[in-house]
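Here's the structure, in C-alpha cells; my notes come after.
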Amino acid sequence: MKIGIVCYPTFGGSGVVATELGKALADNGHQVHFITYSQPARLDFFSENLFYHEVSVSNYPLFDYAPYELALSSKMVDVVRFEKLDILHVHYAIPHASAAFMAKQILATYNIHIPVVTTLHGTDITLVGRDVTFKPVVTFSINQSDGVTAVSEDLKRSTYDHFEITKDIRVIPNFIDLNRFSLKPKDHFKKAIAPQNERIIAHTSNFRKVKRTQDVMYIFQKVLKDVPAKLLMVGDGPERVNCEQIARELGICEHVRFLGKQDAVEEILSVSDLFLIPSASESFGLAALEAMACKVPVISSNIGGLPELNVDGVTGFMDNVADVESMAKHAVYILQDDARLAEFKENALKRAKEFALDRILPLYEDFYNEIIALSKAGLA
Ligand code: GMT
C-alpha cells in the first residue's frame, strides 16, 4: 500500500504513535509518506520505503496567524496526486481531519477518490476538541472521515458522549516496539543515580497541566519518608518550573533530577523501579506502556484509558485523580519488598507484551484494507 501519514512531528504521544506506525508499515513493505511541518522526532534514519514531505507556510505580513491548515491541505493534494497514494491516515483531529476533508474535496475534482482514516488520540477529544471554538469542525471532520479509530474504549465512549458522531469508531490501542523498549543493562547509570542502591522512580511527560506533574513531587516526598529513593523527571514543558519550585519548597532537590527531553527514554526506564503517571486525563497512556515494557510497574490515576492498560494490584495500582496519599502508599507497598517488586516487574512486562507492535500493526493494515475496499465500492 502507499500510505500518507499526517501528524504532529513533536514529542507528543500522537506524533510518536504516528511515526512508529509509519516506520513499522515501511518495514512491512508499504510505502509511507509523512506529511508534517518538520521532520518527526523519531524519524531520524534512512529507509527506502519512507518519505518525508515538509509543509511550509509562507510568512506574508498580512497573516497574524499563518494559514497552516490550507498549506497542509495543498501538500496532501500534491502528495496524493503525484505519489499516487492509496490512503491518507491523519493523527489527531485538529486540524488534520478537517485539512484532509478539504484535500479530499479538491482531489475529487481531479477524479481522485482518496479514503481518509482519522485516529483520535486524546486531547483532540477530551480537552481541545470539546471547546466550542473547535467542536463543530471536529464533529464534521470526524463524520466525514472514511474510517475513524480511537486509542481506547474510553476515548471511543467519550467521543460518542460529547460529539454527535454518526461513524463507527474502531478501537486500536497504542502499541510498543519491544525491540527498543526492553530492559537494557545500564548498571553504571543506575549506580550513578542511586549510589546507595536507592529505588529509582521515573516520570516522563510533556509537563502540561493535564499530567499533574506537581502530584509526582508530592507522591515522591511521601514515599521518601519510608523508602530511600531517587526521582527522575524526564521531558519538558510549562509545568516544569512549577515542579522545580515545589521540589525546593519540599526540600527534596538532592533526590530529584530533571533530565529534560531525552531520546533514549528506554535507558532511563531500564534503571527505574516504578513509574508515576497521575494524569487528570489520559486516553491511553503510552508513557506507562513504555515503562511496563521495560519491566517497570505503574502507579497511575484511574481515569480515561489507563484501566485498559494498568491492572490494579497486578502491574501496579490505580487511584483517584489527585489522591497523592493513596498513590504514595501504593508506591511504598511495591517498593518496600524485593520479592513483591520483582513480581510486579514481571507482571508489567507480561501485560506490555499484549500491546506488542506485531499484534497491533495488523489491526491497522486490516482497517486500511477494509476502508480502501469500501471506498472503491462507494460505501465508505
Ligand atoms: O498527552 C500527550 O503527551 C500528548 C497526546 C497527544 O495527543 O499527542 O497524547 C495522547 O495520545 C497518546 C497516543 O495515542 C496517548 O497515549 C495519551 O494518553 C494521550 N494523552 C492524553 O490523553 C492526555
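Remark on segment 31-153: ratio of C-alpha radius of gyration to 2.2 N^0.38 Å is 1.08. The translational diffusion coefficient of segment 1-52, from Stokes-Einstein at 4 °C and 1.567 mPa s with a Kirkwood hydrodynamic radius over alpha carbon pairs, comes to 122 µm²/s.
Ranked by solvent-accessible area (1.4 Å probe, protein heavy atoms only, all chains present), the residues Phe51, Phe258 order from largest to smallest as Phe51, Phe258. Note on segment 187-355: Rg/Rh from Cα positions, Kirkwood definition for Rh, rounded to two decimals, is 0.92. Take the chain, connect every pair of alpha-carbon atoms lying under 10 Å apart with a spring to form a Gaussian network, then pick out the residue of Gly122, Gly260, Gly305 with the largest mean-square fluctuation. Of the options given, Gly260 has the highest mean-square fluctuation. Solvent exposure of segment 187-355, expressed per residue, is 40 Å² of accessible area, with all protein chains present and a 1.4 angstrom probe.
In this label model, Glu370 and Tyr110 are separated by 2.9 nm, measuring between points 7 Å along each Cα→Cβ vector. On C-alpha positions alone, give me the angle between the axis of helix 338-353 and the longest principal axis of the chain, in degrees, nearest 10. Helix 338-353 sits at roughly 10 degrees to that axis. Axis of helix 357-376 versus longest Cα principal axis of the chain: the two differ by about 20°, to the nearest ten degrees.
Spread over its residues, the convex hull of the C-alpha atoms of the chain is 144 Å³ per residue. Overall, segment 187-355 carries a charge dipole of about 200 debye about its Cα centre when +1 sits on the Cβ of Lys and Arg and -1 on the Cβ of Asp and Glu, all other atoms neutral. With the convex hull of the Cα atoms taken as the outline of segment 234-279, the averaged projected area works out to 3.8 nm².
Each of the peptides 195-202, 65-72 was scored by the mean count of other Cβ atoms within 10 Å over its residues; in descending order, highest first, they stand as 195-202, 65-72.
Can you compute the label reach from Ser47? Point 7 Å from Cα along the Cβ direction, backbone N cut-off under 17 Å, restricted to segment 324-367. 356-366, by backbone N distance to the label point. Projecting the Cα positions of Leu286, Ser272, Gln262 onto the charge dipole of the chain (unit charges on Cβ atoms of Lys, Arg, Asp and Glu, taken about the Cα centre) puts Gln262 furthest along the positive direction.
Listed peptides 267-273, 310-316, 370-376 appear in the order 267-273, 310-316, 370-376 once ranked by packing, highest mean of other Cβ atoms within 10 Å at the front. How much of the accessible area of segment 187-355, probe 1.4 Å, is carbon plus sulfur, in whole percent? That fraction is 46 percent.
Measuring with a 1.4 angstrom probe and ignoring ligands and nucleic acids, Arg340 comes out at about 70 Å² accessible.
Amide H to amide H distances under 5 Å link Phe284 with Gly305, where only residues 5 or more positions off or on other chains count and H is placed in the peptide plane.
If every alpha-carbon in segment 257-380 counts as one equal scatterer, what log10 I(q)/I(0) does Debye give at q = 0.11, 0.23 1/Å? Rounded to two decimals, the profile gives -0.45, -1.33.
For segment 43-103, taking the reciprocal of the average inverse distance between every pair of different Cα atoms yields a Kirkwood hydrodynamic radius of 13.1 Å.
Report the local net charge at Met102: Lys and Arg +1, Asp and Glu -1, summed over other residues whose C-beta lies under 12 Å from its C-beta.
+1
Using a/c under 1.5 as the rounded threshold, could you call segment 195-249 rounded, prolate or oblate? The axes a ≥ b ≥ c are square roots of the C-alpha gyration tensor eigenvalues, and prolate needs a/b larger than b/c, oblate otherwise. Since a/c reaches 1.5 and a/b is larger than b/c, the shape of segment 195-249 is classed as prolate.
Rounded to the nearest 20 debye, the dipole size of the chain about its Cα centre is 240 debye, using +1 on the Cβ of Lys and Arg and -1 on the Cβ of Asp and Glu.
What FRET efficiency comes out for the pair Leu250/Asp312, r = Cβ-Cβ distance, R0 = 30 Å, nearest 0.05?
Working: r = 28 Å, r/R0 = 0.93.
Result of the calculation: an efficiency of 0.60.
Whose amide H sits under 5 Å from the amide H of Val256, counting only residues 5 or more places off or on another chain, with H placed in the peptide plane? When sequence neighbours closer than 5 places are left aside, the close amide H contacts are Leu231.
Distance from the C-alpha centroid of segment 151-202 to that of segment 294-359: 11 Å, rounded to the whole angstrom.
Taking Lys and Arg as +1 and Asp and Glu as -1, the other residues whose beta-carbon sits under 13 Å from that of Ser326 total -3. Taking +1 at the Cβ of each Lys and Arg and -1 at the Cβ of each Asp and Glu, which of Ser375, Gly4, Gly313 sits farthest along the dipole of the chain towards its positive end, judged by Cα position relative to the Cα centre? Looking along the dipole axis, the top candidate is Gly4.
Between helix 13-27 and the chain there is an angle of about 70 degrees, using the helix long axis and the longest principal axis of the Cα atoms.
The values are calculated or read from the model by the stated rules, or taken from the named source; none is laboratory data. All values reported here derive from a predicted model rather than from experimental measurement. Note that each Cβ is placed from the backbone with ideal geometry, even for glycine, and that neighbours are counted across all protein chains shown. Just the protein is used for accessible areas: all its heavy atoms, side chains included, with ligands, DNA and RNA removed. Shrake-Rupley method; radii C 1.70, N 1.55, O 1.52, S 1.80 Å.
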